[in-house]
1. Compute, for residue 113, the solvent-accessible surface of its heavy atoms (probe 1.4 Å) with the complete set of protein chains present, and express it in square angstrom to the nearest 10.
2. For percent of Cα pairs over 26 Å apart, one of (1) 33; (2) 45; (3) 58 was computed from the structure I shared and the rest are decoys. Which label?
3. For 111, 141, 125, 21, write out the residues from largest to smallest accessible area, computed with a 1.4 angstrom probe and no ligands counted.
4. On C-alpha positions alone, give me the angle between the axis of helix 58-71 and the longest principal axis of the chain, in degrees, nearest 10.
5. For residue 207, list long-range residues whose amide hydrogen, built 1.01 Å from N in the peptide plane, is under 5 Å from its own amide hydrogen.
6. Under a 1.4 angstrom probe, counting protein chains only, how are 94, 54, 42 ranked by accessible area, largest first?
7. What is the percent carbon and sulfur in the accessible area of the chain, measuring with a 1.4 Å probe over the protein chains and ignoring ligands?
8. If one takes the longest principal axis of the Cα atoms in the chain, at what angle in degrees, from 0 to 90 and to the nearest 10, does the Cα axis of helix 140-157 lie?
Amino acid sequence: MQESEEKFRTLFEDSKDAIYIASMDGRFVDCNRSFLNLFGYTREEALEVPAKETYYSTEERHAFRKTILEKGAVRDYPLKLLKKDGTVMDCLLTMSEKKTQDGASIGYQGIVRDITAFKKAEETIRHMAYHDALTGLPNRILFGDRLSVAMAQAQRDGQRVAVAMLDLDKFKSVNDLLGHKVGDFLLKAVANRLSSVLRKSDTVARMGGTSFFSYSRK
């Protein structure tokens, strides 16, 4: 029994996953080094902190608690959690009830995985797919999608959609005489100017090169 306990303790402490054990009243009973490193607590601090204080959203906490009470276990449940310094993390939480031999629940055991970096990379890729890299404006694909929706709504409401195109003349001369950095600055300045004069419900997009399109519902 002692040998088995020592092996379990070694696996628990050396695991790269953040592992914890909590009581039924929501207090941390035990946690490994990875958990402490992830959340930024010392072991003494972690054992004093109510688990509810690590949740970013009260609504998410209540929804998670309802799920765990109904199912008894969850796997890769998405939650936003807080580090000690207030940093918000996107996490996947795997949790199950800890029971005695006769089936009585005595607490919970769980694993926390921080996927913040993955989520940010995913959002960046998604943004790049639908936005112009230089100006940050919607690109041709996103503009087409939004225009289709606007036209359908306008037709349903008996309204019109105005579409405008703007192209910069002699832009090649700017690049040739002043350099590409100045040309890029000019394109971004035009993008900002167009965005500033449109309503939030309108869309301006860079279609490529020096061409900009915008639409507005009337």
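The values are calculated or read from the model by the stated rules, or taken from the named source; none is laboratory data. Worth saying up front: this structure is predicted, and the values here are computed from it rather than measured. Every residue, glycine among them, receives a Cβ derived from its backbone with ideal geometry; neighbour counts consider all protein chains shown. Please note that ligands, DNA and RNA were not included when accessible areas were found on the heavy atoms of the full protein model with its side chains. Shrake-Rupley method; radii C 1.70, N 1.55, O 1.52, S 1.80 Å.
1. The accessible area of residue 113 comes to roughly 100 Å².
2. (3)
3. 125, 141, 111, 21
4. Result, in degrees: 50.
5. Those qualifying (amide H under 5 Å, at least 5 residues apart or on another chain) are 212, 213.
6. 42, 94, 54
7. Result for the chain: 54 percent of the exposed heavy-atom area is carbon or sulfur.
8. 80
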